[in-house]
Amino acid sequence: MAFSHLFGPVPSRRLGVSLGIDLVPHKVCTLNCVYCECGETTRLTVTRDEYVPFQEVKEELERYLRENPAPDYITFSGSGEPVLNSRIGDVIRLIKGISAVPVAVLTNGTLFNDPTVRREILGADLVMPSLDAASNGAFHRINRPHPRLDVREHIEGLAALRREFPVRCGWRSSCFPVTTTAKRA
Ligand code: SF4
């Protein structure tokens, strides 16, 4: 049976065989980047919500892991900003409870100024945020953000997460790499 919220697994240069989880519908994001491979953001928001029901994700993950070989990574990615899903912390805990597969979060990092959001993703093994701009002018030209976002707060949120996030993977000093390009695995 097909999956609604899982995709792949796909071969990833950085993560090996990566099973994707999409926690938001197309296309819910805090940004509307000019280079986005998913097209225009149709719901530009900073409001977190259970955009995809936790129970559906749980059932699909349990079924996938029961019926298929374990991937190298389970990766939050897809057609928008996964951290907008208010149950992402619960999904990470679920994966950790039913498998030994490491978890990666591909995110634009714009919500990490919120300590609650940072706490929720501390259970992941790898967080890969993107950062394209260091001034609000460039931020607006490249990322076309939600009006409530500010690039200084974006950067401060990334710095706070870097301080709090445990170093425990094999990426050495780049365990928490900040990418400057599109965030796909
Ligand atoms: S943050 Fe990612 S998903 Fe959102 S608009 Fe930019 S490239 Fe697309």
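For the chain, the residue among 99, 31, 138 whose Cα projects farthest onto the positive side of the dipole built from Cβ charges is 138. A straight line joining the Cα centroids of segment 38-63 and segment 127-164 runs 22 Å.
The HN-Hα couplings worked out from phi for segment 62-77 by the Karplus form 6.51 cos²θ - 1.76 cosθ + 1.60 (θ = phi - 60°) are 4, 5, 4, 5, 6, 9, 9, x, 5, x, 6, 9, 10, 10, 7, 7 Hz, whole numbers, x standing for Gly and Pro. About its Cα centre, the dipole of segment 6-176 is roughly 460 debye, where the only charges are +1 on Lys and Arg Cβ and -1 on Asp and Glu Cβ.
Students often check this: by mean Cβ neighbours within 10 Å, which of 125-137, 106-118 ranks highest, and how do the rest follow?
Listed from highest to lowest mean packing, they are 106-118, 125-137.
Built from the Cα atoms of segment 95-159, the convex hull projects on average onto 4.8 nm², one quarter of its surface area.
Along each principal axis, taking the top coordinate minus the bottom one, the Cα set of segment 6-176 gives 48, 35, 29 Å in descending order.
Structural descriptor for segment 1-151: relative contact order 25 percent, calculated from alpha carbon pairs under 8 angstrom and at least 6 residues apart. Diffusion coefficient (Stokes-Einstein, Kirkwood radius over C-alpha pairs, 37 °C, 0.692 mPa s) for segment 58-117: 261 µm²/s, rounded to a whole number. Taking every DSSP helix (H) stretch of at least 4 residues in the chain, weighting each as -39,500 (n - 2.57) and dividing the sum by the residue count yields a mean residue ellipticity at 222 nm of -8500 deg cm²/dmol. The angle between the Cα long axis of helix 151-164 and the main principal axis of the chain comes to about 40°, on a 0 to 90 degree scale.
None of the figures in this text is laboratory data; all of them are computed from the coordinates on show. Everything numeric here is computed off the predicted structure, so don't read it as measured data. Counting neighbours? That spans all protein chains shown, and the Cβs are built from the backbone with ideal geometry, glycine included.
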